[in-house]
Amino acid sequence: MRKPSSIRLLALAMGIALPLTSAQATNSTSTNPNVICRPAKWTDVVVFYLGNYVAHAATTLNLPGQSPLGVVFVILAALFFPISGVFRGFRAISTLAIFAETELQTAARAGALCMVVELDDRARYEFEGGEKPIQLLSTKIHGSYELPGSHGLRLVPHEAKFEGDSVGSINLWEKVTKPFRTEIRTVTKISCSYSLVKAFVALGQTLFAITTLYQTKGDELERFGFAAFGLTVAPYAFMSVINLFGNLVCPEYPAMYLVESEALRSLRAISAPDENDLHVWFDGVVGKLAADSDNSVRRQDDESAVTRGQRPDITRVAPLLSLFLSLLVGLLKTCIAGAVPLAIIGGLSGFRTGSSSTYHQRVWTMTWLGFGIFAGGGGFKMERVENRQFFNIRRRRFAEDFRIVMATFLYAAPAIGGFVVVGQMILESGVCIEVG
């Protein structure tokens, strides 16, 4: 006698446990005899949200030493504007940090090193008083330090070089197999990780999203067309793919690390014991900037360059040309980030409206996608809540910047509307499994 397969036993158990009066739910229009359906519950909607939206947003890459509140805003921005998470992945990939020759150079490329600089007149006005932000908005800095109001901590240039920085393994294979070889203690060690756990989570979420997209066929596409709830996962799946590569190329740092600069040495010289009015100390310096790199740092208030992950003083071009190139690169990123989800949705649905999709469902899902593409840059600027121009100094315009960030969330209205119609479509279509 042939034994029943485990799949059929599972289907039989579900048929007994679930209140089904037939092979299909009353709210399902599936005509496949091998499909068993049941009415969807609110828990099914929650599970769909958590697995296809929230979990993807949680894999978004963070900046080195990012503040707790900054991390929260990053996740929220990725949840409402998944393209903002794609931009962060692009930034991590563009650093090519894994290909740096030493750990200090790797940290510099990843944006994990800061240096003491003297503030110019404009910066002193902007940050007058040197007040520190609350801990929820404070960037984590390794070690301890105390600076006078005339100085601040600034990001180290992307291609900075360091004195006495011995060149380690330049072969990629040697970098990969480094944990399995004898440790060399003559080189500087900086705490970091390539976040394999987050990379595996991103991989798992990518596979889960691909499965969701693959299952979005047949009855669902026939009923809802391009507004099908399974297709709304496309931008989140793309975000997870980019974050996966970003995790592999750029390590994560739990804190920012201070390197010695000319300004720091000058402070040490004038803060001798007989100078009682100036209280300056530093503990935890991990390296010393080479003279060329130290001199290349321009003292200017260029918040947008730091916020987008660019490093000042790398490209010396005319201001208008620099602005044009920046806008061109941003437009190119937006086009790529938006074209991929649109291609997935169009390829699977042919942009057909479906037999029973409503006007509101089509409008909300497409508005959600469109705003997600063009408001992704606004979501990317959630980092404004944490001052990463001069670390841990509160700006005069902090309240204004915070209002701008809060106003950005007004663009989340289409995403919220999209979540609502997705839930409605799930409840309408039911939950089905294929047993044969």
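The values are calculated or read from the model by the stated rules, or taken from the named source; none is laboratory data. Since we're looking at a predicted model, the values are computed, not measured. For neighbour counting, all protein chains shown are included, and Cβ atoms are generated from backbone atoms with ideal geometry for every residue, glycine included.
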Looking at the range 221-267, which of the residues that are within 28 Å of residue 369 (Cα to Cα) and of a type in the set (D, E, K, R) is surrounded by the most Cβ atoms within 10 Å (Cβ to Cβ)? 223
Considering only residues that are out of contact with any Phe, Trp or Tyr (no Cβ under 6 Å at 6 or more places or on another chain), hydroxyl-bearing (Ser, Thr, Tyr) and part of a helix (DSSP H, G or I), look in the range 54-105 and name the one that is nearest to residue 141 (Cα to Cα). 95
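If we scan the range 235-258, do we find a residue that is assigned to a helix (DSSP H, G or I), among the β-branched types (Val, Ile, Thr), over 25 Å from residue 415 (Cβ atoms) and modelled with pLDDT under 70? Outline the logic, then answer.
Keep residues of the range 235-258 that are assigned to a helix (DSSP H, G or I), which gives 235-249.
Of the ones still in play, those that are also among the β-branched types (Val, Ile, Thr) are 241-242, 249.
Remaining after also requiring over 25 Å from residue 415 (Cβ atoms): 249.
Filter again for modelled with pLDDT under 70, leaving none.
No, the range 235-258 has no match at all.
Pick out the one residue from 204, 168 that is at pLDDT below 65 and surrounded by 13 or more Cβ atoms within 10 Å (Cβ to Cβ).
Details: 204 fails: at pLDDT below 65.
The unique qualifying residue is 168.
Just a yes or no: is a residue in the range 215-234 among the aliphatic types (A, V, I, L, M) and either modelled with pLDDT under 85 or out of contact with any helix residue (DSSP H, G or I) (no Cβ under 6 Å at 6 or more places or on another chain) (or both)? Spell out how you get there, then give the answer.
Within the range 215-234, the first condition is being among the aliphatic types (A, V, I, L, M), and the residues that meet it are 221, 227-228, 231, 233-234.
From what's left, either modelled with pLDDT under 85 or out of contact with any helix residue (DSSP H, G or I) (no Cβ under 6 Å at 6 or more places or on another chain) (or both): 221.
Checked against the condition, which is being among the aliphatic types (A, V, I, L, M) and either modelled with pLDDT under 85 or out of contact with any helix residue (DSSP H, G or I) (no Cβ under 6 Å at 6 or more places or on another chain) (or both), the range 215-234 yields at least one hit.
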Just checking, does the range 385-403 include any residue being within 15 Å of residue 85 (Cβ to Cβ), crowded, with 17+ Cβ neighbours inside 10 Å and modelled with pLDDT under 70? no
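Okay, residues lined up against (1) modelled with pLDDT of 85 or more; (2) assigned to a helix (DSSP H, G or I); (3) aliphatic (A, V, I, L, M):
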site	(1), (2), (3)
293	no, yes, no
312	no, no, no
316	no, no, no
328	no, yes, yes
332	no, yes, yes
340	yes, yes, yes
Only residues that are modelled with pLDDT of 90 or more and assigned to a helix (DSSP H, G or I): list them for the range 107-141, please. 107, 108, 109, 110
Cβ-Cβ under 6 Å, sequence separation 6+ or interchain: first residue in the range 201-217 and over 20 Å from residue 429 (Cβ atoms), partner at pLDDT 70 or above and surrounded by fewer than 20 Cβ atoms within 10 Å (Cβ to Cβ). Which pairs? 205/55; 206/241
Result of the Cβ filter at 6 Å on the range 357-373, keeping first residues that are in contact (Cβ under 8 Å) with a residue 40 or more places away in the chain and partners that are crowded, with 20+ Cβ neighbours inside 10 Å and in a loop (DSSP other than H, G, I, E, B), at least 6 apart or interchain, is 372/81
